[in-house]
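Report on the structure given below.
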Amino acid sequence: MGEPAIRAFFDEPTNTVSYLVADPATGAAAAIDPVLDFNPASGAIGTRSAQAMLDAAEAEGWAVRWVFETHAHADHLSAAAFVRSRTEALVAIGLGILDVQKTFRPLFGASDCESDGSDFDRLLADGEHLELGTIDVEVMATPGHTPACVSYRIGDAVFVGDTLFMPDYGTARCDFPGGCARQLFGSIRKLLALPDDTRLFLCHDYKAPGRDAFAWETTVAEQKRSNPHVHAGVSEDEFVKLREERDAKLPVPKLLFPAIQVNIRAGRLPPATGNGRQYLLIPVEGGEGLA
């Protein structure tokens, strides 16, 4: 089996890393976690980041056949629909997206978002295999951060989404609806059971204290040796206690509500209202008596 060519694209406003992954033999490529530019102050939407990926693919002679989402992100809006509109790509995500949609469709009144996941082209089960040209793509269900989280094993590389961060930073939060620290511990152990030299590509980096440069590639061996949350001596109960205590202190992601509304729709914006405009909603709490 051949090894993939990989190009990373870092979006500093959301600290998100997207990837182009291609089969050098055929030029078949996948875009992983592409970002839609969004200014929450003005509501302006842009496609500069996603277009940069498409331009890079064109320059390399690669044809984008897939968009692989690792989960329904809470920190950036997905450009999956834009990439699909410009290419022949199919948009894929884990089967757990059905649970995420079930939670958030009623919160946002998103009746246009189909409850069967059909906004996406493929819903992926654990252990499923896809083709990227001549390279095999193995789907690994890695829930815990969200129910829909999957990792993609492509050659000697695994794209792990938010499951793990760099070894000096730790692991993903689990306090979103459907998140579970015990599930995350099992998912991480599943990843760390892969060969030590397996490359792990992350979806985010926030520069741990003392580190001056952004980084998003590590290995199984480095995670087992250096990640303070999950190194060899950490038990499941210790991890759950650590994770739940940390999560209780974390702020709500600033793009949570806009991101979820777009991402459960596979990168589509909500439909236009009667005045012809599209809106992203913010549910309000504590407004009793103010209507």
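The values are calculated or read from the model by the stated rules, or taken from the named source; none is laboratory data. Predicted model only: the values in this text are computed from it and were never measured. Reconstructed Cβ throughout: ideal geometry from the backbone, glycine too, with neighbour counts over all protein chains shown. Just the protein is used for accessible areas: all its heavy atoms, side chains included, with ligands, DNA and RNA removed. Shrake-Rupley method; radii C 1.70, N 1.55, O 1.52, S 1.80 Å.
Remarks
- Residue within region 200-207 that is loosely packed, with under 15 Cβ neighbours inside 10 Å and of a type in the set (D, E, K, R) present: yes
- Residue match in region 25-36 (condition: at positive phi and either touching a Phe, Trp or Tyr at 6+ places or on another chain (Cβ under 8 Å) or of a type in the set (A, V, I, L, M, F, W, C) (or both)): yes
- Exclusive hit being at pLDDT 95 or above, farther than 28 Å from residue 180 by Cα and open to solvent by less than 60 Å² (accessible area, probe 1.4 Å), set 79, 30: 30
One line per residue, one yes/no per condition, for (1) in contact with a Lys or Arg (Cβ under 9 Å, 6 or more places away or on another chain); (2) buried (at least 16 other Cβ atoms within 10 Å of the Cβ):
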residue: 213; (1), (2): yes, no
residue: 217; (1), (2): yes, no
residue: 232; (1), (2): yes, no
residue: 239; (1), (2): yes, yes
residue: 269; (1), (2): no, yes
residue: 281; (1), (2): no, no
residue: 290; (1), (2): no, no
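- Any hit, region 123-142, residues being free of Cβ contacts under 8 Å to residues at least 40 places away in the same chain and either crowded, with 18+ Cβ neighbours inside 10 Å or under 15 Å from the mean Cα position of the chain (by Cα) (or both): yes
- Some residue of region 95-113 being within 21 Å of residue 198 (Cβ to Cβ), open to solvent by 10 Å² or more (accessible area, probe 1.4 Å), out of contact with any Leu (no Cβ under 7 Å at 6 or more places or on another chain) and among the hydrophobic types (A, V, I, L, M, F, W, C): no
- Looking across 167, 177, one residue alone is touching a helix residue (DSSP H, G or I) at 6+ places or on another chain (Cβ under 8 Å) and open to solvent by 30 Å² or more (accessible area, probe 1.4 Å). It is 177.
- Residue in region 241-267 that is surrounded by the fewest Cβ atoms within 10 Å (Cβ to Cβ), counting only those that are over 30 Å from residue 82 (Cβ atoms) and out of contact with any Pro (no Cβ under 9 Å at 6 or more places or on another chain): 249
Each row is one residue, and each column tells you yes or no for (1) in contact with a Pro (Cβ under 7 Å, 6 or more places away or on another chain); (2) open to solvent by 10 Å² or more (accessible area, probe 1.4 Å).
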residue	(1), (2)
37	no, yes
44	no, yes
48	no, yes
53	yes, no
57	no, no
60	no, yes
71	no, no
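- Residues within region 1-26 that are of a type in the set (Gly, Ala, Ser) and open to solvent by 10 Å² or more (accessible area, probe 1.4 Å), tallied: 4
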